[in-house]
Each structure stands twice: as C-alpha cells, then as structure tokens.
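Only one structure is covered here, and it is reproduced in the block below.
Taken together, the values in this text are just the output of simple stated rules run on the coordinates, not laboratory data. Everything numeric here is computed off the predicted structure, so don't read it as measured data. Cβ coordinates were reconstructed from backbone atoms using ideal geometry, including for glycine residues, and neighbour counts include every protein chain displayed.
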C-alpha cells in the first residue's frame, strides 16, 4: 500500500458512484465530469484516486496514484447483490493502476462467487506487486445492521483472511466500536468508507476523527468530497485530522462550525 | 471510433433485428435481404453498418466500415433478458469488423454476466485497436421507464465506466434531458438508437435533431431507414441534420411535411 | 455445404433419434441397428448421414458424407429444453465428419447457453473448413405454434444470423408460407425436417415437394425413411421430387397412391 | 474393453458404494476394508475392479485391471441427482486405470451437465486408448420405472450414442426384455448392474443368467459379491454362468438351492 | 502427512474461525491477533497450524508446519452451505504451506461443486507432493444429526474415496462409534475436530482420549485451545493424551479436576 500512504496514513478519493449509484443520484453538472475529480485529487492533496476502468482510460493523468476498481454493478438489480469482474488485473495495470480494488458483498447469497473471484484477483495483483484492496459491504438476510460493531469487524476480518492489503468498511458510528474492526484487521490497513454526504463538514470530520483514533489508516471519501461546495477546503480539514491528528475543533474555523 | 466518424459525427445503419425481433416482425420482401441493406448503406452514405456475424460473413462487401454485434438473443424468451457472446472478437475482426458491438441489459437480473462478458470483450477489442460499442438497454424490476432522463443517463454512464468507446442509448424525448445523458458520457461518443418506425419522417428527424443538439455523436438507425419507402432520401435528410446541423424545417421539402 | 449437395440440392438421412427420443419410441428390430441405416444411406443414394459421435465411431464407413451432431439430450427431462455439446469439433472431424450439426432450442429459457455454444462451435468448424448446420427448434412459453410461418422463418433467420451454413427447420404446412422461411435464410441452405412418420408416402412427398418449391435445399429425413417398409423405394421417390422437380403424381405409381 | 474381457465376456467387481451409499448402509467390519475387496478380486478371478480415486490410490495393487470411476456423489443430497467429475482422466491413468467410469443420471434435470462432462471425458479417455464406461441410471420426473424394458434400453442406447465403450445398466427382470437393451447398444458391451443383495445366490444367478442369455457382456457386481458370506464361492458360480453358459441348476449344488 | 506427524500422531492448531464464524463470535482482545496463535503453536508444541491465505501471508513465520485452508465462507449466508476456492494450491505453496485444506459440506445441495473443486485441488496438491486434507461437515436436508455414528463415518469415507490424505470430522460422542469412522477411513488419517469450547478441560480431554482410543491420528483444535485461559497448559495435557496415551485422570492434576 506504500504508494497510497503518507506517514502510514492515507486519504483516498473514490469516484465509482457513476456506475454503482447512477449519475442522476449523486452527480451534478460539475462532478459528473471526471476531469473535475482529477483536479480535486491534485489540488486537495489526496493520496490516491479510485476509478472504474473506463474513467481511468479516459481521464487518468498520473498525477496521483490510482486504484482501479475491477468489479462493479448497477443499483437497478434487485435481490442479493453480485458484482463481477469487469476489468482484468493486467488491463488495470496497463492503465497505470498502483492498486486493485474489488467489492465483496459479504453475506449475499452470491458471496461464494465474489470470494472465489477476489481470491484469484488477489493472487494476480500480488504477482504484479500491486496491493489488493477489498471493499467489504455486508448484505443479505443474515445482516440485520451493516454498521454494527460485530458486522463491521466481520467485514474487516474477511478482508484480512482473504489476503487483502487493505479493507474499506463502513464506520460503526463511534471510535471505540470501530477499534474492534481495526483489531480484527490485525495490522491490515483499514479505511473508513465516506458514505453519503453528511449534514455538515463538522459531522463528517468527527466520524473521520473517530476512525483515525480507532487506528484506521484513513478514509476513502467520495460524495462528502466532490459534493462539497469547496472540496479542496474540506480536503485541507481532512488532512489535519488524518495526518496531524488535530481535534475537529482545531480544524474548522469557529464561524464555520 | 475514427473509422465511423465524419467531422466527429456519425450515421450508422443497424441491421440485427432479424435475430433480435425476428424477420416476421420487422421485415418485408425487400428488407429481409441483407444485400438490400448493404446497398442502402452505400447509396445513403452511412458511416457504418451493424451486422451479426452470419450476415457479415455472407453479405459484407467492405464498402462501408462494419461493426459486428458479438452477442444476441431472440425475442421469444420471457423474463429478464440475457444476451450472450456468439462471436469472438477475433472472428469479428477476421470478417472485417472495424468495431465490436455488445448489448448490455442494465438492471436485468443477468446484468452481472453481461458486465463481465463485456469487460473481457472490451479488452480484447482494444488489444486489436478496435473500438467497443455498448448498446445499453435498461430492463427489469428496477426500471420503471427506460426513456426517462435518469435512466438514459445511467445507460450512457455505464458504458463510460465499463470502458466503451461509444454507447447506443434510447432517446429521452427531448433535447434538454438527453444532454444529461451526453454529459454522463463525459466525452464518450453517444449514439441515439433509432427505435421503431416513427409516424413521419419529420417526427423522426426532430428526434435526431434533438439528440444532435444535445451533443450526441449521431444515430444508429435501423427500422426508420430500411422500413422507409425511400431509405436513400431519408438518409439525405439525416445527413443534413447530423453533419450540417440544419433545422428540420430546412431539410424536408414543405409539401412532404 | 458442397460435400452434401448434388446440383445444389440435398437429401440427408438423419439418425439421432436413439438419443433424442429413445430407442423404444422410434425403433424396431431392423432400424435399431445403425448398420441398417448406413446400408439405406448408400442404397438410397442419400447425400449425407447424420449421426451422434458414438454411432459415427462404430458404424460410419465413409461411403456417404457424414454430419456429426455435436450436442444432444434425452426426451426424459421436463421443462424448457437444453442440449449441450457432447462432442468436440476436433473429435467429430477425426471421425470423418464433413459437417457439424448442432440443435438450438430457440425461445427456451436456456437459449442463451445454446447460442453461446453454437457461436463457438461455428467458429471452430469454419476454422477446419467444415460447415456448421443448425437444427433450430422453437420452444418455450413464447412459442405458441412451432410450425407457424412466423416462427419457422424466425428459426431459419436465427441460423443465418448466427453464421450457420445451413438450417434444418420444421415444415410450415404449405409451400407459400415456407418460402418466407427460405427468404429469411437469405441464401443460406434451408432443409426441411422430416418429422414423424407421415400417414402415406404421398402425404410425405407432398410436404417435401412444397418445401422444394419454396426454395428449400432439401430434406433431412429420419423416421419417414427408416420406418418405411421400403426405405430405398421411398428414397427413389424423394430424389425425383428433390433433384428432378417432378410432381408427386408423376413420382408415385397410381396403384400405390 | 479388451483388458476387461475373457472370451468376450466379463465379470467386474464394483466398490464405489462407500461414496455413493455411505459406509453405514452397505458395509460391515470386513468389507469396509478395501484390501478385502482387492483380495476377493484376485481370488474370485474377477476381470476388473472398480474404484474411486482415493481407494485406487491407497489399495490398488495391479493384480487385476482397474476402472476408476471419475465422478461421484453422496446419497445425502435430495432432488434430481448430479454427479460431477472428481478425478481427471490423466490422474486415473496415473493410478493405473485401464478404463474410465462415469455415471450419467439420464432424465435428471442436471442431465445436460453430465452429458457434456462425459462427452469431454470420453474423448480424453480415447486419446489415451482407455475405454469409457458409462453407468446410465435413469432418474427424474420423466422416469416412472427405472427397470422397464423401454427405460433400460434408453439407458443403453444413450451410452452408445455418446460414444461409450460399455454401459452398465440395471436388469429389466427378464431375459427377453433385457435383450432389447442389448440390441439398443448395437454391439457396445452391455453390463448388468448387480444391484442390492438378492435374497439367495440362486435368485441372483438367475438374473445374471438372464442377462447373459440376452447377450450381455457380463456383470458389474458389488454388494451381491462382497456382502456374500463366501464371495469367492459366489464368484465361482458366476464364472460358470457367464463364461461357460451353464444353467443355474448345474452351477449351484443341490443342497444349497 | 509426514510433516504434521510425531510417531504417527498429531495435534494441529486451527485458526480459520475469523472467516468462518466472524471475529465477534469467537475472539477476544488476545486471540483476535494471529501473532498470539503463532506463539501458542510454538510454545504448545503443536504439529501444525491451519490458516487462511491472508493470515498465512502476514503472520506465518515457519516455526511449525502450516496447512493453508484454500476455501472459505462466512457464517452470514443462509441456506445450504457452499464454500469455494479462494486460494490456489500454487499460492498456498508459495506461502510455505506443507498441506492443503479444503472444506466439503457433504449433503449440501452444492455438494457437487465442492466435490469437483476438491477433486482438482487434490490432484494439484499431490503433483506438488503436498497432502490434501478434507474437512468434511455433513449438512442439508438429508442430514438429521451431524454427529451420529453413521454420518461421521460417511464423512470420513467421503474423504477417503475422494483421495484425501487426512480427514477432519466431528466427534461422535463416544469412542466405540468413532472407531467406525476411523475404520471407514481405511487407513487414511482421521482427525477429530475440536468444536466449540467444552465446559471444562477434563470434558474436552475425555473427547480427545475417546478419539485417540478409537484410532484417530489426532486432533485439530481451535477454540478449545486459544479460548482457554492457559493454552500452553492445555496443550501439555493434550500431548499426554495423544502421544503418550495417558488416561485423562493421569493428565490433569487432581485439584484442577
């Protein structure tokens, strides 16, 4: 994971929502354009960007390290989710990827297929000295609450057991319970998933602070960054929380809070 | 997509309906014959023809560039659609294809299989320097209206994210909403799908004009061309709209309107 | 298809019913023996025989060209039919096949799998300069009448679009409607499927005559030949209808009619 | 099949019941040990033994020719049966197999998968000059009585059509009806399956005699041999019936009857 | 199995519960850390450790021989279990594995897929001179009691028939019935599965003693070891039972009992 780390911490900019949620759910005239995302990534000092192959192929300019998500699905299919490989590791590498991302819907009735596919991809990635990053999202009849301490820890642990170099999991809501997920990762890098836009910058920063305090490596943020009125300013706040370990109160100017 | 473009715009002649709809739905004694289509393609000045492998193998004469559709299905199977690869990229290339077409039924319960298959085909096509063109047709329980602004934009965006060089999507009904789909494509070529025969040439031309005004690269037209009494005349109208950006009123002689 | 043609017409002897229907449905002590079929093929002057791999391996003697059917199923399985590849193209060729046969159940919920499999087989056959012959039998909830003009034409067209060199389809019942299927084939060879034993030789010959008048290349006949009391005599009648275009009345001696 | 024949007839010792039925159904302290089976095979003068790969790997000593069953299933799964390949042809050969066995559940809703798998295996076996032996057991909604004349003949014919060198099928109950199955095999070797332990040696020998009289090549016997109090004595009876064509009365000493 | 044996007996430390059960079910702050497990393995004198690939990759230090479990699933999916391959044999070997573990859910409606996958893995393992160890856990509608004498023997026998070098099965509850499972293994190494934490050390040791007396090779223990307050002490007890065949009474100091 070295290309994506600064002093062992990391702030990644995720932008696969065009496929996962559809452009009409999350995008406006500004952030529908991947060039805008590349711009934020550079100006905001992000440690990495996360793209699907098509966006990578057309818009990636090499200015920040890239993770290519190699599987994907739309939000239109009902039932237990399945997300299949749409990009080979070789192809991702040829686009300049320095990391390979894959989403596992833990608990889905199609879990076995994603486990098997990730298993192969992890090995191909390591063969090329690329880290394999697992997005682990619990779903299905056996998952009552996908942000509970127990379930988020299960997500992190699954990534560890399957050989991921890093996991992206949802935040549990408080630092103490999230630290159990970090422990379950047993030294593997754990990233908090940014999730939908928080009501205020402060609210979002408190989540991030909680994750960092729990031992998380950092954050993979999408909507909370590029839906923000001023993504570069938000990035500057985030960097203070993640890399300088500043308290939220110190980060946001009083009037803004 | 260069072989299929003139000044960045394009008019393609689609002829895979014999498989997709069956000959008895769309064809008459004239257009059931693929030789007639090749003739229209040349006389009408189309920038490309779209065939399944069998028609390509028997009737393609190299006079206009060809896209081979490499998957297909009949209209007789009920339930959520699945269309599987029936032609290898290598075979399509050996038939003279300058582009590879593939249909994705976005939202179908079989979406994952088509995503994975297109993912592989896109890479094989690019390896041979052939563009991959995605027909993206939303279907299934999660799709209430497959020509809504939101859904058509989702279709275009899916093609972009999966690495297509061009997308063929349905028209939304008006230029403004279609421009959102073009934006979702983020620079990828977006083609309006011709759809079933419009009541009049004028009605059809207004749709095309709307798409072009919205930023579409052009049109992939089938039934509206080869079911037309005078396909070559229609093609001449279309060219004025697509390449010369003429208003519909200027294109069709008054008495015809 | 040249090895199977005489003056552009053809009469093929089909014998895969032992697998498709079971020996107890169609066979008696005489025709249960494949050696008897080879004998008829030679004496009757057939242009080809059609066997599954096992019969080909044990009984084929090279005296008439052979098509090996490379997929098959029993009649004991309920639900929408699926017939999978049981013989590789390479193996069929090693047994002496000059053509590769494959059955597609158009409209079956398993259609996609057969389309994909035929797609691969057609390419492998062409690589070895062997024709691919598609048996196309419409089935499933979307098929009300599998001998209607529309459906039979769809069957023929499917074979064309998927790259078959010839199609074997059911007869529609009259020459005029069958000519629409031949047109849908657009020059591809169309064979009438013999079907179950007709009540009289005359009745059967009238069907064949109708197909030939409609432009069919010929006939693939099984039960109507080898269940006939005198298969060689029937073959002589058929040859007059198919190759000499004689009217049925001229073919059958009056007392027999 | 030459390694397994003596004067064109054969007596095989089957021992895959540990997997197919489970040890607690069929085994006792004596016959649970594969070494005991190898011992019977030699002392009883059997023409072959039939093992799964694991038993072959640990217990096969080369003293009689071996068929390795390359697919298998337990008896614990409900619904239509499916038995998948668990041993490659190459591996079976490396263990010393002189024949490859495969079970097809004809009529099962999974029939297509087994047909396809057997099709590949038959070709791989022939490439290594090994015979392919098909166990064909009819099952499923379309099979009312799996020992009827019609169904057993269908089983034998299926093996022939798919290229098997021999078929193992159930006995129909009488010699006349079984002769129809042998005819359906059209020269392919047909083996009667021993089935569950018959009430007396005489009853079992009468079945075998009926099969041999019907033209069967022989018998693949399991439980009736190794569950017998004196398997070697039973084998001596069987040899008289199979190879010397003696009547059952002449074979069994009067007091025993 | 030689690397995992001492005088033909064995005590293995299993640690795949993080994936199979989730960290929140079985782990505490101490045993959630794989480094703690490696420490126990060494100090306790275990003959082997059992890890999933990810734990192997990060924590394995080569001090005791390792089995890598190459399939896995979470406990969150409902219905009949399926566990698919997530690690190639080649990759496991590259991590230092001296044995390959695979779980088969015997009786599950997905049994066929696991049988087939294990069949391939067993051959790949043997090609590299690695033993294949089968965890066989009966499940599904056909399994009323997964610790009955009959079912546990079926589990052991399945491993034997499919070519496993060792089986890990549940204990039946008493030594006599477990000896039937050992017999069903016919010389293959049979390991008792430790199962959930027993109420007392003595209760657990009595189970192990029963298995050893029945002829088991040893024990694969997880929770009963690393959930124990003093795992090293427990290991010392186990070694006396397994390797020295001491009675339980002699092993545990009186006050502790």
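Dividing the Cα radius of gyration by the Kirkwood radius, what Rg/Rh value follows for chain E?
That ratio is 0.93, to two decimals.
May I ask for the distance between the Cα centers of the range C:115-149 and the range B:100-167, given as a whole number of Å?
26 Å
Fewest to most neighbouring Cβ within 10 Å: what's the order for A:130, E:95?
Fewest to most other Cβ atoms nearby, the residues stand as E:95, A:130.
Other chains' Cβ within 10 Å of A:100-112 residues: what's the mean?
Per residue, the average neighbour count from other chains is 3.
With springs only between Cα atoms under 10 Å, which of D:77, D:89, D:169 fluctuates most in a Gaussian network model of chain D?
With Cα springs under 10 Å in chain D, the top fluctuation among D:77, D:89, D:169 is at D:77.
How high is the relative contact order of chain C? Use alpha-carbon pairs under 8 Å, at least six apart in sequence, and give a whole percent.
18 percent
Looking down the axis that turns A into B, which residue of A has the closest beta carbon, and how many Å out?
Result for the A and B rotation: A:113, 9.
Ignore the peptide's own chain and count Cβ atoms of other chains within 10 Å of each Cβ in A:27-34; give me the average, rounded. Intermediate values should be presented prior to the final figure.
Values: counts 5, 0, 2, 0, 0, 7, 4, 4.
For peptide A:27-34, the averaged partner shielding equals 3.
How far apart are the residue D:245 label points across copies, placing each 7 Å from Cα toward Cβ, in nm, shortest first?
5.9, 5.9, 9.6, 9.6
With the convex hull built on the Cα atoms of the range C:88-208, state its orientation-averaged projected area in nm². Could the numbers behind the result be given before it?
Working: hull surface 32.4 nm².
The directionally averaged projection comes out at 8.1 nm².
Put a label point 7 Å from Cα along the Cβ direction on residue B:96, then list its distances to the equivalent points in the other copies in nm, shortest first.
Once sorted, the set of distances for residue B:96 reads 3.9, 3.9, 6.2, 6.2 nm.
Considering only D:214, D:141, D:153, give the residue with the highest GNM mean-square fluctuation for chain D, with springs between Cα atoms whenever their separation is below 10 Å.
Result for chain D, Cα springs under 10 Å: D:141 fluctuates most.
For the range A:33-91 and the range E:177-192, what is the separation of their C-alpha centers, rounded to whole Å?
52 Å
If each residue's Cβ is checked for other Cβ atoms within 10 Å, how do D:24, A:74 rank with the fewest at the top?
D:24, A:74
Please arrange C:236, C:148 by how many other C-beta atoms lie within 10 Å of their C-beta, fewest to most.
In order of increasing Cβ crowding within 10 Å: C:236, C:148.
Evaluate peptide D:8-20: per residue, the Cβ atoms of other protein chains within 10 Å of its Cβ; return the mean as an integer.
2
Can you tell me the convex hull volume per residue for the range B:140-197, based on C-alpha atoms, in Å³ to the nearest whole number?
85 Å³
Measuring nothing but label to label, 7 Å from Cα along Cα→Cβ, what are residue D:127's distances to the other copies in nm, shortest first?
1.3, 1.3, 2.2, 2.2
Could you tell me whether the protein assembly as shown comes out rounded, prolate or oblate from its Cα gyration tensor? Rule is a ≥ b ≥ c as square roots of the eigenvalues, rounded for a/c under 1.5, then prolate if a/b exceeds b/c, otherwise oblate.
Taking the square roots of the gyration eigenvalues as a ≥ b ≥ c, the protein assembly as shown is oblate.
Apply the a/c threshold of 1.5 to the C-alpha gyration tensor of the range C:18-109 and tell me whether it is rounded, prolate or oblate.
Cα axes put the range C:18-109 in the oblate bin.
Top mean-square fluctuation among D:159, D:92, D:203, Gaussian network model of chain D, C-alpha springs under 10 Å?
Judging by the Gaussian network model, the answer is D:203.
Please report the orientation-averaged projected area of the range B:75-141, defined via the convex hull of its C-alpha atoms, in nm².
4.6 nm²
Given R₀ = 41 Å, FRET efficiency for residue C:229-residue D:2 by Cβ-Cβ distance, to 0.05?
E(calc), rounded to 0.05, equals 0.55.
Once you sort the root eigenvalues of the Cα gyration tensor of the range C:160-257 as a ≥ b ≥ c, which label holds: rounded (a/c under 1.5), prolate (a/b larger than b/c) or oblate (the other case)?
It comes out prolate by the Cα gyration axes.
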